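Everything below concerns the one structure shown next.
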Amino acid sequence: MDTIVAEATAPGRAGVAVIRISGPSAIAALQHLAGRVPEPRRATLMPLWSSAGVLDTAVVLVFESGASFTGEAVVELQTHGSVAVVRALLSEVVSLPDVRLAEAGEFTKRALENDQLDLAQVEGLADLIDAETEAQRRSAQTVFSGALGAKVEGWRRRLVRAAALLEAMIDFADEEVPEDTSAEVLELVDILVSEFDAEAQGVNGAERVRQGFEVAIVGAPNTGKSTLLNRLAGRDAAITSEIAGTTRDVIEVRMDVAGLPVTLLDTAGLRETMDHVEAIGVERAKARAIAADLRIFLGEIDGLAFQDGDIFVHPKSDLGGEAGEGLPLSGLTGQGVDDLLARIERELKVRVPTLTTATRARHRSALESAAAALRAARIEVEAGPERAELAAEDLRTALRRIEALTGRIGVEDLLGEIFSSFCIGK
């Protein structure tokens, strides 16, 4: 196997850059650069050399095979964060036999191949790297810590137990077996179906935390949608004007609302119009508003249904006049904005799962398939001992589905897509 090397920190000028070398020739590469190898896991300041002279002075860490992130021998060089230094060191290392630059995600791929991480942990690590808000960090950290893998192992043990009981019914059909064998199998099946269903139901909320919620600001023209967006964003993200129809396309602003990732959508004013371009904007606005997780209605709107959890506000309350329904709000002065943010937070947090560790569509699909197989198994068990073989096959199907969650089987086609999202050096 080749030894791989890459800069593990972001490219460009910085105070410190980290270069990571992993593989069978990692220790030899360090011997070539430094002339000696320090004690494992002890940070050591060492000069690094090429045939032309000193390349840099770096803090060096050595991790032995089996005691590193990848499971291989790993050397980390903490160098000065100069573009020239990093380039020179990488050039020197890849000049050695059997050493090459790493591909995207290759360090993590080797950790998976060497049983340092399971597939769910790899996905959690990818999400942790991409996390922008506290809710995303917590969700990713839960998966990366191995929580889903631990659940899968517990499910697996119970499935194996149920399968063993069914196999006993098959192998000893003509002999005496415990009378409550079928009862125990049914009990295990019912518990597992309940847990699979609960976990699968939480995936939608977990996906929203990972990908972000969408909150659409909707209303008729000139109700203050763009002014409100700018107030919430803290900058002039949208053009504001007294001229109706100024906003033609959907304007998006990404923000953090109490740790939740939220994309605010400023949509075109909803009205009947003869302007072809504005009409396209109105249709796009309706489509995005319907698809959004939450809508903020600035006044009454024809043609867009108010859904459970949506927020109705009385816009431009700073202008006085008769108070309307909903939360008094002024994007211009900021009146009611804090109350609006609090409402958005409350509504979205209701949709955030608290117990689920499954976070992706593939997780939900595997859990739903496993639950369906167990429901089929239950029917066969209830039909009597002569159908035990069919029930056992359904249990094996359920087992294969949940083992796919952590990459034990049937996930080879996923690996390329997953690792392509990683940066070089991770």
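Every read-out reported here was derived from the displayed coordinates using simple, explicitly stated rules and does not represent laboratory data. Computed from a prediction, not measured in an experiment: that's the story for all the values here. Here Cβ is always computed from backbone atoms with ideal geometry, including for glycine, and neighbour counts include all displayed protein chains.
Just a few scattered comments:
- For the stretch 329-389, Kirkwood radius (reciprocal of mean inverse C-alpha pair distance, Å): 16.1 Å
- Residues with amide H under 5 Å from that of PHE312, placed H, sequence gap 5 or more: PHE297, LEU327
- Listed by chain and number, the lysines placed with their C-alpha closer than 24 angstrom to that of LYS316 are LYS225, LYS286; residues fewer than eight positions away on the same chain are left out.
- Database remark: amide H of ASN222 closer than 5 angstrom to the amide H of GLY245 (H placed geometrically; neighbours at sequence offset of 5 or more, or on other chains; Pro and chain starts carry no H).
- Spatially proximal lysines relative to LYS109 (Cα-Cα < 18 Å; intrachain offsets below 8 disregarded): LYS426
- For the peptides 252-265, 390-403, the ranking by mean Cβ contacts within 10 Å, running from highest to lowest, is 390-403, 252-265.
- The peptide list 204-217, 134-147, 48-61, put in order of mean Cβ contacts within 10 Å with the highest first, becomes 204-217, 134-147, 48-61.
- Net charge of Cβ neighbours under 13 Å - reference THR356; Lys, Arg +1; Asp, Glu -1: +3
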